[in-house]
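The values are calculated or read from the model by the stated rules, or taken from the named source; none is laboratory data. In this text, all values refer to a predicted model and were calculated from it rather than measured experimentally. Quick reminder, even Gly has a Cβ in these numbers, built from the backbone with ideal geometry, and neighbours come from all protein chains shown.
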Amino acid sequence: MTNAPPTREDAWNLLTTYNQSDSLRKHALAVEGVMRHFARKYGEDETQWGVIGLIHDLDYEQFPEQHCTKTRAILEENGWPEDYIRAVVSHGYGICSDVEPRSTLEKVLFAVDELTGLVATTALVRPSKSVMDLKPKSVKKKWKDKRFAAGVDRSIIEKGAAMLGVELSELISDTIAGMQAVADTIGLKGQTS
């Protein structure tokens, strides 16, 4: 691939080559859906934002100790543009990367990556097992229980919201909306009618 921006198919093929785990694939699809939602909200390139969301954890299953670093190498080998690579690597800022999120796209990815996990887990403990009837206040309630979804680093989400200059409840609301658009694909349509 040279010069032309990577397509969703390019991203999906790479993602599925390096990730066999259903849960990692669903996470990637959730983040893609949320990134597309935010791209529409901000009047940005929905395809680009979605592709970056889809590919963001490319190396996580096979190279967790080299997260973001290995992704850079894989994407470079595949001829991906530097702005896409930089955006993907920036989501690990302060954790496994020193690339600070600068663009709105990078800040959104940084903010929503962990949040999609909290939203998904909150949806799954509801009677409906669905994101379709999930309200931001339910996520905020679970947010306060540090034992709930203990693997979700809430400080990263707070830092991302601050970078974007948005309230946490707005970030949660938009993340839920983005995940609702792909609820079927990510297994969170649940039992709602």
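Below is a table of values for the structure above.
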| read-out | value |
| --- | --- |
| Residue within the stretch 61-74 that is more than 24 Å from Ile176 (Cβ to Cβ), exposed (fewer than 14 other Cβ atoms within 10 Å of the Cβ), acidic (Asp, Glu) and at pLDDT 95 or above present | no |
| Test set (1) over 11 Å from the mean Cα position of the chain (by Cα); (2) of a type in the set (A, V, I, L, M, F, W, C); (3) more than 23 Å from Ser169 (Cβ to Cβ) - Leu24 fails condition number | (1) |
| The stretch 65-123 - residue that is among the aromatic types (Phe, Trp, Tyr) and not in a helix (DSSP H, G or I) and, of those, nearest to Thr175 (Cα to Cα) | Tyr93 |
| Looking only at the stretch 124-169, and only at residues there that are part of a loop (DSSP other than H, G, I, E, B) and among the basic types (Lys, Arg), the one that is surrounded by the fewest Cβ atoms within 10 Å (Cβ to Cβ) | Arg147 |
| Test: residue in the stretch 172-179 that is assigned to a loop (DSSP other than H, G, I, E, B) and among the acidic types (Asp, Glu) | no |
| Complete set of residues in the stretch 16-35 that are assigned to a helix (DSSP H, G or I), of a type outside the set (Gly, Ala, Ser) and surrounded by fewer than 22 Cβ atoms within 10 Å (Cβ to Cβ) | Thr16, Thr17, Tyr18, Asp22, Leu24, Arg25, Lys26, His27, Leu29 |
| Residue satisfying condition, being of a type outside the set (S, T, N, Q), closer than 23 Å to Ala28 by Cβ, in contact (Cβ under 8 Å) with a residue 24 or more places away in the chain and in contact with a Ser or Thr (Cβ under 6 Å, 6 or more places away or on another chain), within set Ala120, Ala149 | Ala149 |
| Filter result (more than 14 Å from Glu114 (Cα to Cα) and among the β-branched types (Val, Ile, Thr)) within the stretch 134-193 | Val166, Val182, Thr185, Ile186, Thr192 |
| Pairs, first in contact (Cβ under 8 Å) with a residue 40 or more places away in the chain in the stretch 60-71, second loosely packed, with under 14 Cβ neighbours inside 10 Å, C-beta under 7 Å, six or more apart | Glu61/Gln20; Glu61/Ser21 |
